[in-house]
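Have a look at the structure below before the remarks.
The values are calculated or read from the model by the stated rules, or taken from the named source; none is laboratory data. Because the structure is predicted, anything quoted here is derived from the model rather than measured. Cβ sites come from the backbone with ideal geometry, for glycine too, and all protein chains shown count toward neighbours.
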């Protein structure tokens, strides 16, 4: 017998186990003679609403020609090229809800709130904000009821983080979210990717426990040791 003192690192085992647990859906997993829509494997519809303030470069978004999409999509739609036959890109639309009422200035200070509800928000800098229920929440109420998280609101920056007044007499609430569950209930956007990750994949521990775990700067593989 030869003793080489070689061993298999625990991370190798964990990686292999993770690959085994992350199996894709196989045909054998669907009951025979059963419609896919009647099983847990039925595809879930998704809706994504994106708002980019201060304009954008049209060349990155708008197709070069009208009609059926060609083999090459605009830069920002490149990931959708394999699905071009099931993709429709609309451009050149104009939102009248983004225009200020006659004699009122400051439309750019609330256009985000009007983006998905088509209502002109109430001009106020106080807590009595009023806009409209946004389409993403109408969709979530209809098809998201069976989901653990019917909707998520994400952002990359908070334009009102260092200011209590977003200008022209409009509350910063109007610029800080595009999602409203009711005309008086804006949904705050989450800026921290770590918080989003924990909402989606958290293990149910307390906020304090998660904060302590982050300080240890441990790999996500290490959390498997406690399961």
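Quick grid of which residues meet (1) loosely packed, with under 15 Cβ neighbours inside 10 Å; (2) in a loop (DSSP other than H, G, I, E, B); (3) in contact (Cβ under 8 Å) with a residue 40 or more places away in the chain:
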{"position": "113", "(1), (2), (3)": "no, no, yes"}
{"position": "118", "(1), (2), (3)": "yes, yes, no"}
{"position": "121", "(1), (2), (3)": "no, yes, yes"}
{"position": "138", "(1), (2), (3)": "yes, no, no"}
{"position": "148", "(1), (2), (3)": "yes, yes, no"}
{"position": "168", "(1), (2), (3)": "no, yes, yes"}
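Does residue 209 satisfy the condition of being at pLDDT 80 or above, farther than 26 Å from residue 135 by Cα and not in a loop (DSSP other than H, G, I, E, B)?
Numbers: at pLDDT 80 or above: no; farther than 26 Å from residue 135 by Cα: yes; not in a loop (DSSP other than H, G, I, E, B): yes.
For residue 209, the condition - at pLDDT 80 or above, farther than 26 Å from residue 135 by Cα and not in a loop (DSSP other than H, G, I, E, B) - is not met.
If I ask for residues that are under 15 Å from residue 50 (Cα atoms) and part of a loop (DSSP other than H, G, I, E, B), which ones from the stretch 123-136 would you list?
134
State whether the residues of the stretch 29-39 include one that is surrounded by fewer than 10 Cβ atoms within 10 Å (Cβ to Cβ), within 28 Å of the chain's Cα centre (by Cα) and modelled with pLDDT under 80.
yes
Kindly establish whether residue 198 is under 21 Å from residue 98 (Cβ atoms) and modelled with pLDDT under 90.
Spelling it out, it is not the case that residue 198 is under 21 Å from residue 98 (Cβ atoms) and modelled with pLDDT under 90.
Just for the stretch 56-74: of the residues that are closer than 26 Å to residue 45 by Cβ and in contact with a helix residue (DSSP H, G or I) (Cβ under 9 Å, 6 or more places away or on another chain), which one is surrounded by the fewest Cβ atoms within 10 Å (Cβ to Cβ)?
Taking the candidates together, the pick is 68.
So, residue 85, is that one part of a helix (DSSP H, G or I), on the phi < 0 side of the Ramachandran plot and modelled with pLDDT of 85 or more or not?
Details: part of a helix (DSSP H, G or I): yes; on the phi < 0 side of the Ramachandran plot: yes; modelled with pLDDT of 85 or more: yes.
When the stated conditions are applied, residue 85 passes them.
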